[in-house]
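Here is the structure we will look at.
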Amino acid sequence: MNDINNPSLSSWISVPESSDFPIQNIPFGIIRYEGVSPRAASRIGDKVIDLYSLATLGYFHDLHIVPEVFLKPSLNDFISLGRPTWRAVRSRLMELFESGNTFLRERVKDHSVIIHAIHEVEMLLPVEVGDYTDFYSSIEHATNVGIMFRDPENALLPNWRHIPVGYHGRSSSIVVSGTPIHRPKGQTKSDGAEHPEFGPSNQVDFELEMAFIAGKKSSLGDSIPVKEAEEYIFGMVLFNDLSARDIQKWEYVPLGPFLGKNFGSVASPWIVTLDALETFRVEGPKQEPDVLPYLQSEGSRNFDIQLDVLIQPDGGTAHRVCHSNFKFMYWNMSQQLAHHTVNGCNINVGDMYASGTISGHVPGSFGSMLEIAWKGTRPVQMPDGSERKFIHDNDTIIMRGYAVRNGLRIGFGEVTTRILPAKK
Ligand code: MN
């Protein structure tokens with residue numbers, strides 16, 4: 001595509017070594033800082049770039065964008081302007097902040113309104129999420145869960161290799177990284193117990209996921225073909241789909257996830273565009289048997305994104321419990337979107353589509369405590385001597401994601417979630 005992924009580009013804003021946010025990234029988010037209303041922003045290194053201020057000062061004057069589109073509590077209106085506009089803004093930011101360009105660099109009086117330190121701003125949820133869908137697209141995760149809860153001999157259900165399985169989730173409880181979540185209360189029933197009980201969940205878990213954000217709407221009745229699906233994707237975030245396994249286990253038959261899944265799902269604040277991820281495309285796992293024609297996809301539709309999960313006890317040291325990779329996904333995003341709309345279901349800008357838990361086949365790559373501690377039979381030893389089968393009160397779950405190739409690192413930063421005790 002372009003030089004946007006040229007690893008030799010550098011910025012006059014200093015970028016710490018191994019930063020997720022070099023000038024080749026240019027993610028989009030929503031910030032708030034002292035005295036101003038929420039607005040769109042990008043990031044280079046540890047500096048945040050206020051897009052509304054850039055626009056009002058005339059740096060986008062030839063791009064035909066009304067500055068107010070950046071003065072919103074979500075990116076939805078900006079995203080709705082379409083891919084040529086996202087690309088034009090990204091290119092302009094790269095141009096303005098590239099080392100050799102002195103145009104903005106020398107207008108020092110503009111810097112104080114345009115450039116802010118990351119620790120001086122609050123990050124908000126970047127989009128208003130109308131609809132949220134959660135897929136179940138990692139074959140290793142689906143197999144592990146099938147072995148634990150059903151039949152080791154037939155761990156995958158018969159439809160799994162034919163359909164990108166998913167369910168409609170809850171958007172009202174999607175929050176941005178850093179938002180603490182109370183341990184949910186609910187109804188559970190232990191194995192062998194005669195009656196269900198009510199109380200705080202004892203099996204709060206994370207699910208290591210990534211989500212893509214719809215960048216273009218479709219009309220009711222229309223289907224999005226696999227080969228056009230990426231035109232409908234604005235970008236991706238890290239996603240911690242919190243789960244209460246004991247509630248989930250008792251409620252999920254016959255209609256699937258409900259209260260075990262909707263008490264909080266946490267997204268990272270910076271949306272990384274598919275353009276920024278272009279360098280990291282890979283082919284997905286071979287699909288066998290062949291999928292139906294409407295799901296057949298060509299080319300490299302997966303992305304090589306390394307993923308880590310750490311658990312940090314209250315006041316303690318963060319301990320890594322998982323290292324996985326988005327490229328393990330059996331079903332790619334284009335197939336997910338094609339399947340989602342094949343019946344005529346319409347999508348809207350800002351919709352969020354999560355991957356499902358991303359587990360790999362190698363040791364240490366499982367994306368949930370359910371699998372890591374194998375239903376509580378293999379507890380994780382923490383550096384402070386404690387054990388984890390699931391998440392304890394006041395633990396913080398930290399997820400990180402980054403892609404590295406040819407000296408270029410593009411990352412997502414973090415999604416962190418502290419689990420507070422159940423409300424009285
Ligand atoms: Mn999930």
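The values are calculated or read from the model by the stated rules, or taken from the named source; none is laboratory data. Here the structure is a predicted model, which is why all the values come from computation and not from measurement. Positions of Cβ are generated from backbone atoms using ideal geometry, with glycine treated the same way; all protein chains shown enter the neighbour counts. In case anyone asks, the SASA skips ligands and DNA or RNA and just uses the protein heavy atoms, side chains included. Shrake-Rupley method; radii C 1.70, N 1.55, O 1.52, S 1.80 Å.
Just one of Val272, Val253 is in a loop (DSSP other than H, G, I, E, B), more than 16 Å from the ligand (Cβ to nearest atom) and either outside the structural domain of Gly82 (by TED's automatic domain parsing) or not β-branched (Val, Ile, Thr) (or both); which is it? Quick ask: steps written out before the conclusion?
Numbers: Val272 fails: in a loop (DSSP other than H, G, I, E, B).
Being in a loop (DSSP other than H, G, I, E, B), more than 16 Å from the ligand (Cβ to nearest atom) and either outside the structural domain of Gly82 (by TED's automatic domain parsing) or not β-branched (Val, Ile, Thr) (or both) holds for just one of Val272, Val253, which is Val253.
In the stretch 104-112, is there at least one residue being more than 23 Å from Ser355 (Cα to Cα) and in contact (Cβ under 8 Å) with a residue 60 or more places away in the chain? Taking every residue of the stretch 104-112 in turn, at least one turns out to be more than 23 Å from Ser355 (Cα to Cα) and in contact (Cβ under 8 Å) with a residue 60 or more places away in the chain. In this entry, Val266 passes the filter for residues that are at negative phi, in the same structural domain as Glu414 (by TED's automatic domain parsing) and within 16 Å of the ligand (Cβ to nearest atom). Looking only at residues of the stretch 60-95 that are open to solvent by less than 10 Å² (accessible area, probe 1.4 Å) and assigned to a loop (DSSP other than H, G, I, E, B), we find that the one that is farthest from Val127 (Cα to Cα) is Phe60.
Regarding the stretch 340-349, can at least one residue be identified that is farther than 23 Å from Gly413 by Cβ, outside any loop (DSSP other than H, G, I, E, B) and out of contact with any Asp or Glu (no Cβ under 6 Å at 6 or more places or on another chain)? Yes. Among the conditions (1) within 20 Å of the chain's Cα centre (by Cα); (2) away from the ligand (no atom under 16 Å from the Cβ); (3) under 17 Å from Val204 (Cβ atoms), Gly367 misses just one, which is (2).
If you check Arg161, Arg170, Arg183, which single one turns out to be among the basic types (Lys, Arg), open to solvent by less than 50 Å² (accessible area, probe 1.4 Å) and either within 27 Å of Trp374 (Cβ to Cβ) or within 16 Å of the ligand (Cβ to nearest atom) (or both)? Please lay out each step first, then the result.
Details: Arg161 fails: open to solvent by less than 50 Å² (accessible area, probe 1.4 Å); Arg170 fails: open to solvent by less than 50 Å² (accessible area, probe 1.4 Å).
Just one listed residue meets the conditions, Arg183.
Contact map, the stretch 132-160: residues that are touching a residue at least 24 places away in the same chain (Cβ under 8 Å) and over 27 Å from Asn346 (Cα atoms) paired with residues that are surrounded by 14 or more Cβ atoms within 10 Å (Cβ to Cβ) and acidic (Asp, Glu), Cβ distance under 8 Å, separation 6+ or inter-chain. Pairs shown: His141/Glu371; Asn144/Glu371; Val145/Glu371; Met148/Glu371.
Could you check how many residues of the stretch 100-153 are open to solvent by 70 Å² or more (accessible area, probe 1.4 Å) and within 16 Å of the ligand (Cβ to nearest atom)? Please lay out each step first, then the result.
If we filter the stretch 100-153 for residues that are open to solvent by 70 Å² or more (accessible area, probe 1.4 Å), which is where we start, we get 103, 105-109, 112, 119-120, 122, 128, 131, 150, 152-153.
Subsequent filtering for residues that are within 16 Å of the ligand (Cβ to nearest atom) retains 131.
Count: 1.
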